[in-house]
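Computed from the coordinates by the stated procedures, all read-outs in this text should not be read as laboratory data. No experiment lies behind these values; they were computed from the predicted model shown. Using ideal geometry, Cβ is built from the backbone for each residue, glycine included, and neighbour counts are taken over all protein chains shown.
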Amino acid sequence: MTSEGMVKPAAKRPEIHQPIAVVIFHSLNIFAVLLMAGSGLQIYNANPVFGGRSGFQIPELFCLGGWLAGGRHWHFAAMWLFALNMLFYVGYVIWKKRYRKRYVSTADAHAILHPDNPKRAIYAWHRLVYSAILPVLLFALVTGPAMFKPAQLGSLVQSLGGWDSLRVFHFATVPLLVVFVILHSILAFRSGGIALVRSMFRC
Ligand code: HEM
């Protein structure tokens with residue numbers, strides 16, 4: 001309202017633009033992760049990690065592939081999309097020196113530890129959470145082939161305590177991703193609103 005009682009036209013919020021390469025990576029990554037998780041859970045059901053063959057089964061609704069071989073086909077096919085997309089992103093981050101400003105920093109650590117400015121603290125958490133998921137994605141990518149070729153990648157298998165515990169570690173990336181997506185979505189909305197969220201899905 002102005003002092004004369006007239007309604008001011010709403011100030012237009014500046015649009016947020018993300019580099020097109022990042023928008024493509026982000027969307028393809030969500031798609032690839034969904035395929036990987038769905039087909040991974042299908043494989044899981046053939047021999048549950050917890051409780052053996054009579055252990056808890058994941059409801060079919062969350063599984064992709066129909067049966068073990070179908071799940072494996074989807075898992076290996078989607079792995080290429082997931083891996084090549086990650087490779088492209090890592091190359092882009094190095095080429096554009098994106099690592100210099102884009103990820104969690106000591107300034108963010110300070111904002112989290114001394115939250116005098118709540119908005120800045122939320123933004124710092126947001127950066128921390130999306131930075132932290134990158135090593136988890138890489139871990140999932142490396143431990144998968146180690147489970148497939150344990151003889152060739154024996155030292156990696158042994159460093160994680162053997163094939164059975166490697167399987168638990170690989171599987172653990174799924175619940176971690178579920179928690180991540182919930183936190184990441186809330187923090188993205190809270191730190192930049194719908195404009196920020198839209199920016200990540202639009203060219
Ligand atoms: C598997 C699921 C997801 C993964 C692994 C993921 C990962 C990431 C990563 C690594 C970044 C930083 C990219 C960069 O700037 O270089 C990012 C940014 C972002 N993501 Fe996601 N994301 C996922 C799902 C989602 C979903 C469902 C939403 C919707 C709410 C979302 C919203 C955003 C937004 C808005 C940004 C930009 C942050 C900013 O500019 O401050 N993401 N995401």
Pairwise label distance in nanometres, ALA132 with VAL168, each label 7 Å out on the Cα-Cβ vector:
2.1 nm
The range 25-121, relative contact order in percent, only Cα pairs under 8 angstrom and at least six apart counted:
27 percent
On Cα atoms only, tilt of 68-95 relative to the major axis of the chain in degrees:
40 degrees
Under a point spin-label approximation (7 Å from Cα along Cα-to-Cβ), what is the ALA195-SER27 distance to one decimal in nm?
2.2 nm
Distance (nanometres) between label positions extended 7 Å along Cα→Cβ at ARG98 and SER155:
3.1 nm
Cα gyration tensor, the chain - rounded (a/c under 1.5), prolate or oblate:
prolate
Sequence order, the range 98-108: Karplus ³J(HN,Hα) from phi using 6.51 cos²θ - 1.76 cosθ + 1.60, θ = phi - 60°, Hz rounded, Gly and Pro as x, gives 5, 4, 5, 10, 7, 10, 4, 10, 5, 5, 5
Label the range 65-111 by shape, choosing from rounded, prolate and oblate, from the square roots a ≥ b ≥ c of the eigenvalues of the Cα gyration tensor; if a/c is under 1.5 it is rounded, and otherwise prolate applies when a/b is larger than b/c, oblate when it is not.
oblate
Treating the angle as unsigned and between 0 and 90°, give the value, to the nearest 10°, between the Cα long axis of helix 163-199 and the longest Cα principal axis of the chain.
20 degrees
Tell me, which longest segment in the chain has none of the trypsin sites (Lys or Arg not before Pro) that fall in DSSP loops with at most 12 further Cβ atoms within 10 Å?
102-203
Just to confirm the number: angle between the C-alpha axis of helix 118-148 and the first principal axis of the chain, 0 to 90 degrees, nearest 10?
20 degrees
Considering only GLN57, VAL136, LEU87, whose Cα is most displaced toward the positive end of the charge dipole of the chain, charges sitting on Cβ of Lys, Arg (+1) and Asp, Glu (-1)?
LEU87
